[in-house]
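Student: Would you mind keeping the following structure in view while I ask a few things?
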Amino acid sequence: MEQRHLGRTGLRVSRIGLGTLTWGRDTDEHDAADLLKTFWEAGGSLVDTADVYGDGEAEYLLGRLIEGLVPRRDLVISTKAGSVPDPDRRFDGSRGHLLAALDASLARLGTDYVDVWHIHAFDPDTPLEESLQALDLAVSSGRARYVGVSNFCGWQLAKAATWQMSAPGSRTRLASTQLEYSLLQRGVEREVLPAALDLGIGMLPSSPLGRGVLTGKYRHSTPADSRGASEHLAPFVAPYLDDTATRIVDAVTTAADGLAVTPLQVALAWIRDRPGVAAPIVGARNAQQLTAALSVEALSLPDEICRALDDVSAPVHRYPDHDWSTL
């Protein structure tokens, strides 16, 4: 698998990442082992997790599989901290919480360091510079090699990145940002992606297949074994089952038929090759699904197909994103 630099850093990652959102909950150790081995054998290196996935079980499962199945040195492990199971406070970006969460993640993963450590979300109740200091301390102590943020909007990302770049040598520049991005969700193109491109921050799209909808599996019904039929994941899929999504999925399917490939391959190739994208994070349920996703490595979409998909999925971005004089 082709490798790419993560933002404006020397770290190289596989241009498709493996997500672990369902590990320890819907994905057991046997399936997780199959997924990791399949990914590694295909040349994949970037594995993304978080301290809250499966209430910590995702990190624990990944830790059990490192070395016994896949050498630690072959993986670029990314994890996140800052989300908390507290109905009164969804995010805790305090320095104390973040650093304690990192120590707990390292214990579950059974490793001395993570390659990339992200703040999971912006915490409006904690000064941003306090949250960012946790990133600096993680790197200076050797517990993280690179750092980033997740689910930051445009001004939050720009503020964080500028703060980190304002004191080179004492602060660690942001390597990456992770947000949902797909043909069904192009909101990051309004401000986040332009900021990331300008500041040299690599984009790691989550849900690059529109929460599974872009595979076309929901065009006529909801498969019984799909996330859309799952009691706790159905609300996650539902927003992308509307008429707008249907038009986009139909266009993806038409493109796939014309290229003699699958809708999954078309949707994944589109997002993989968007400007600023380092690696879409794919969350497969089993090795068969993952193999289908990894087969996109050989596919590059023709320019005319990309333009057609851009047009059918284009979000409405007017003032002030476009030149005001043309409106």
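Student: Would you confirm, using the coordinates I've provided, whether residue 157 is touching a helix residue (DSSP H, G or I) at 6+ places or on another chain (Cβ under 9 Å), buried (at least 24 other Cβ atoms within 10 Å of the Cβ) and within 30 Å of residue 312 (Cβ to Cβ)?
Tutor: yes
Student: I've got another one for you. In the list 260, 224, which residue meets the criterion of being open to solvent by 60 Å² or more (accessible area, probe 1.4 Å), out of contact with any helix residue (DSSP H, G or I) (no Cβ under 8 Å at 6 or more places or on another chain), modelled with pLDDT under 95 and not acidic (Asp, Glu)?
Tutor: 224
Student: Which members of region 257-270 meet the condition of being free of Cβ contacts under 8 Å to residues at least 24 places away in the same chain and assigned to a helix (DSSP H, G or I)?
Tutor: Within region 257-270, just 257 meets the criteria.
Student: Also, I was wondering about something else. Residues 197, 233, 241: which one is of a type outside the set (D, E, K, R) and in contact with a Pro (Cβ under 9 Å, 6 or more places away or on another chain)?
Tutor: Result of the check over 197, 233, 241: 197.
Student: Out of region 120-142, which residues are under 15 Å from residue 101 (Cα atoms) and touching a Cys at 6+ places or on another chain (Cβ under 8 Å)?
Tutor: none
Student: If you don't mind, there's one more thing I want to ask. Applying the selection to region 102-125, what residues are outside any loop (DSSP other than H, G, I, E, B), of a type outside the set (S, T, N, Q), open to solvent by less than 30 Å² (accessible area, probe 1.4 Å) and farther than 15 Å from residue 136 by Cα?
Tutor: 106, 109
Student: Here's another thing I want to ask about it. Could you grab me the full set of residues in region 273-300 that are polar (S, T, N, Q) and either touching a strand residue (DSSP E or B) at 6+ places or on another chain (Cβ under 9 Å) or within 13 Å of residue 209 (Cα to Cα) (or both)?
Tutor: Within region 273-300, 286, 289 qualify.
Student: Does residue 136 count as open to solvent by less than 20 Å² (accessible area, probe 1.4 Å), in contact (Cβ under 8 Å) with a residue 24 or more places away in the chain and either of a type in the set (Asp, Glu) or in a loop (DSSP other than H, G, I, E, B) (or both)?
Tutor: No: the conditions fail for residue 136.
Student: Check 162, 172, 246, 254 and return the single one that is over 19 Å from the mean Cα position of the chain (by Cα), exposed (fewer than 14 other Cβ atoms within 10 Å of the Cβ) and not charged (D, E, K, R).
Tutor: One residue alone meets the criteria, 162.
Student: Which ones in region 173-215 are in a helix (DSSP H, G or I) and in contact with a Leu (Cβ under 7 Å, 6 or more places away or on another chain)?
Tutor: If the condition is that a residue be in a helix (DSSP H, G or I) and in contact with a Leu (Cβ under 7 Å, 6 or more places away or on another chain), then 188, 192, 195, 196, 213, 214, 215 are the ones that fit.
Student: May I pose another question? Test residue 79 against the stated conditions and say whether it is in contact with a helix residue (DSSP H, G or I) (Cβ under 7 Å, 6 or more places away or on another chain), surrounded by 19 or more Cβ atoms within 10 Å (Cβ to Cβ) and more than 19 Å from residue 149 (Cβ to Cβ).
Tutor: no
Student: Here's another thing I want to ask about it. In the list 34, 74, 92, 26, which residue meets the criterion of being at pLDDT below 95 and either at negative phi or out of contact with any Gly (no Cβ under 7 Å at 6 or more places or on another chain) (or both)?
Tutor: After ruling out the rest, the residue left standing is 26.
Student: What about residue 313, is it among the small types (Gly, Ala, Ser), in contact (Cβ under 8 Å) with a residue 12 or more places away in the chain and open to solvent by less than 50 Å² (accessible area, probe 1.4 Å)?
Tutor: When the stated conditions are applied, residue 313 passes them.
Student: Can you go through 43, 19 and tell me which one is over 22 Å from residue 105 (Cα atoms) and open to solvent by less than 40 Å² (accessible area, probe 1.4 Å)?
Tutor: Exactly one of 43, 19 is over 22 Å from residue 105 (Cα atoms) and open to solvent by less than 40 Å² (accessible area, probe 1.4 Å), namely 43.
Student: Being part of a strand (DSSP E or B) and of a type in the set (A, V, I, L, M) is the filter here; which residues of region 1-27 pass it?
Tutor: Hits for region 1-27 are 13, 18.
Student: Here is a further query. So if I check each of 31, 26, which one is of a type in the set (D, E, K, R), in contact (Cβ under 8 Å) with a residue 12 or more places away in the chain and surrounded by 17 or more Cβ atoms within 10 Å (Cβ to Cβ)?
Tutor: 31
Student: Give me the pairs: first residue in region 1-18 and in contact (Cβ under 8 Å) with a residue 40 or more places away in the chain and among the charged types (D, E, K, R), second residue part of a loop (DSSP other than H, G, I, E, B) and open to solvent by 60 Å² or more (accessible area, probe 1.4 Å), beta-carbon distance under 7 Å, and six or more apart or on different chains, which are they?
Tutor: Close Cβ pairs satisfying both conditions: 15/2.
The values are calculated or read from the model by the stated rules, or taken from the named source; none is laboratory data. All figures in this text were calculated on a predicted structure; none of them were measured in a lab. So basically every Cβ, Gly included, is an ideal-geometry build from the backbone, and we count neighbours across all protein chains shown. In case anyone asks, the SASA skips ligands and DNA or RNA and just uses the protein heavy atoms, side chains included. Shrake-Rupley method; radii C 1.70, N 1.55, O 1.52, S 1.80 Å.
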